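Contents: one structure, followed by commentary.
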Amino acid sequence: MNIKLIAIGKTDNKALQSLIDDYTKRLSFYIKFDLEVIPDIKNVKNLSESQQKEKEGELILSKITPTDQLILLDENGKNFSSVGFSEELQKKMNSGVKTLVFVIGGPYGFSDTVYAKAKGKISLSLMTFSHQMVRLFFIEQLYRGFTILRNEPYHHQ
């Protein structure tokens, strides 16, 4: 299985980017992982919230194939413990999913078209985090999930 994370907008913070790069490298020992960043939309001040979501949605959907399984990182998604998330990853691998695509949307979330294509939603927390921090937290949780599946000592119960 391959895993791809799609995110809107680049990470400006060099310290966060360094940590994202570190966990991306660690994750590569377990699975093929790609982080694909869609550039911020230009002239958003001239767009309504729904127009911005639609434009971002078109860009997101252009990055996936019909066989990809799309999971949205969404505040109204399902909450998992780290162990529960690792079990969910194992189920996806066992089911024969070729590419699992997770998406971090823009500041207003996702368009209805993106929601319609999604096979699920995951929430990382009831708290709100910056989109840049969510990338780090999510990639770290992917890494943690694979260390749990391999019974490695990274995660403590």
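Contact order for the chain, expressed relative to its length and based on alpha carbon pairs under 8 Å spaced 6+ residues apart, stands at 35 percent.
Hey, could you get me the Stokes-Einstein D for segment 77-131, Kirkwood radius over alpha-carbon pairs, 37 °C and 0.692 mPa s, rounded to whole µm² s⁻¹?
Details: Rh = 12.9 Å.
Rounded to a whole number, D works out at 254 µm²/s.
What is the distance in Å between the Cα centres of segment 1-78 and segment 133-156? Taking the Cα centre of each part, segment 1-78 and segment 133-156 sit 18 Å apart. For segment 89-128, trypsin sites (Lys or Arg not before Pro) are listed when DSSP marks them as loop and at most 16 other Cβ atoms sit within 10 Å of their Cβ; the list is LYS98, LYS119.
Rounding to the nearest 10 and keeping the result within 0 to 90°, find how far the Cα-based axis of helix 14-27 lies from the longest principal axis of the chain. Taking the Cα atoms of the chain, the angle to 14-27 is about 50 degrees. Evaluated with a Cβ-only charge set (Lys, Arg +1; Asp, Glu -1), the chain carries a dipole of roughly 300 debye about its Cα centre, given to the nearest 20. With θ taken as phi - 60° and the Karplus curve 6.51 cos²θ - 1.76 cosθ + 1.60 applied, the whole-hertz 3J(HN,Hα) list for segment 100-109 is 9, 10, 9, 10, 9, x, x, x, 9, x Hz, x standing for glycine and proline.
According to the Cα gyration tensor, what semi-axes, each the square root of 5 times an eigenvalue, does the equivalent ellipsoid of segment 53-157 have, listed from largest to smallest in whole Å?
25, 17, 11
Surface analysis of the chain yields an accessible area of 57 Å² per residue, using protein heavy atoms and a 1.4 Å probe. Using a 1.4 Å probe on the protein heavy atoms, what percent of the accessible area of the chain belongs to carbon and sulfur? After summing per-atom areas, the C and S share lands at 50 percent. Think of it as helices only: each DSSP H run of n ≥ 4 in the chain is worth -39500 (n - 2.57), and spread over all residues that comes to -13000 deg cm²/dmol at 222 nm.
Close amide H partners of LYS78, meaning residues 5 or more places away or on another chain with modelled amide H under 5 Å apart, are LYS121, ILE122, SER123. Computed over neighbours whose Cβ is under 14 Å from that of ASP21, the net charge equals +2, Lys and Arg +1, Asp and Glu -1. Working from the pairwise distances between different alpha carbons, so that the mean of 1/r is found and then inverted, what is segment 40-82's Kirkwood radius in Å? This gives a value of 12.7 Å.
The values are calculated or read from the model by the stated rules, or taken from the named source; none is laboratory data. Everything numeric here is computed off the predicted structure, so don't read it as measured data. For neighbour counting, all protein chains shown are included, and Cβ atoms are generated from backbone atoms with ideal geometry for every residue, glycine included. For the accessible areas, the whole protein counts, side chains as well, though only heavy atoms, and no ligand, DNA or RNA atoms are used. Shrake-Rupley method; radii C 1.70, N 1.55, O 1.52, S 1.80 Å.
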